[in-house]
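Novice: One structure coming up, written as structure tokens, with questions to follow.
Values quoted throughout were computed directly from the atomic coordinates according to the rules given, and no laboratory measurement underlies them. Keep in mind it's a predicted model, so treat the numbers as computed, not measured. Note that we place each Cβ from the backbone using ideal geometry, even for glycine, and neighbour counts take in every protein chain shown.
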Amino acid sequence: MQRALTTLPIVLILGLIAGCSYLQTKDVPPPLPPIEEIKPPLKLRSTHFKAFPWDELPEPQKDGNDIDTTTYILKDGDTLRLVAEKRMGDAEMADKLAAYNELTSPEDAKPGDKIVIPNPILGVSSQIMVKSKGDKEFGSPKPFGVGFEKGDQYKLRFETNIKGYCYILRQGVKQVVFLFPPKAEEPKPRRGAKPQPVKRESAEVRAFEPISIPPGDIGFQYDAKKAGDRIYVFLSLREIPSLEDLKDKKTIPREELEDVMRRVKLAEILDDPPYHLLRISDPSEILGFTLNIDG
């Protein structure tokens, strides 16, 4: 009898513990399945054309899992300015790159440091300036698509947001020709000398330095027969070898131009005339697009 009385409280206590456990389990909802983090699509605005959007970037991830950045480990002899020049196309970005990586200055970076580099944004603005018959100066730049009248002159105006390489060509009914880089100035040939092959200047451009085509005070004369000519624009942080091989030729086979167009990166591009923007993941990638011109 004494043993039974002793056993009963133990059973009751165990029952209460089990009951409490049941009630607690019942009141707490089961854990939710892990939520897959979906990275929102990159949204570019025309304001990115004028400055790299440092303030809009998330904190750098040094584990290399951010698809919009790359991680570079500094080696002996590396400097942050050299990294900025090679990876972002501009050594002057080193100060911002240091701040982004929570360094006081570029000089604080040392071998072995992991440097997170945001993928660069290539940008081009494309505009036309028109001078009507009787006007003394060309009008303000406007997006492509303006109409022309007989007697009008027009100039093409391009501006990039990077130090890189830009190639601009014009495709007409009969041929494709280079507009930029321009022909190099050569000494006047002597009488009777053989004509020299076409030589063009470097395709290198600097950020926010406008490219005016044609250069000088005189523009293209409107010609109704050339309506529908197409302009091809290519921009890259590096020279584009296939276009370098073509730039000194008098005329360009269309097949060669189409081959370059196939290499143009199409993803994450913003076409918001007059701006064309592209975030790239490799310095050799190409921003390329075409424009229709009425004259």
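Novice: Over all distinct alpha-carbon pairs, what is the Kirkwood Rh of the stretch 46-118 in angstrom?
Specialist: Taking the inverse mean of 1/r over all distinct Cα pairs, the stretch 46-118 comes out at 12.5 Å.
Novice: Provide the net charge surrounding residue 87, with neighbours chosen by a C-beta distance below 12 Å and charges set as Lys +1, Arg +1, Asp -1, Glu -1.
Specialist: -1
Novice: Between the stretch 85-127 and the stretch 240-271, what is the separation of their alpha carbon centroids in Å?
Specialist: The two parts, judged by their Cα centres, are 28 Å apart.
Novice: Express in whole angstrom the spacing between the alpha-carbon centres of the stretch 199-230 and the stretch 151-187.
Specialist: The two parts, judged by their Cα centres, are 4 Å apart.
Novice: If one puts a single equal scatterer on every Cα of the stretch 214-295 and applies the Debye formula without solvent, what log₁₀ I(q)/I(0) results at q = 0.12, 0.15, 0.23 Å⁻¹?
Specialist: -0.46, -0.70, -1.24
Novice: Say R0 is 51 Å: what FRET efficiency, to the nearest 0.05, do residue 259 and residue 107 get from their beta-carbon distance?
Specialist: 0.70
Novice: In nm, to one decimal, how far is the residue 57 label point from the residue 239 one, both placed 7 Å along Cα→Cβ?
Specialist: Inter-label distance under the simple model: 2.9 nm.
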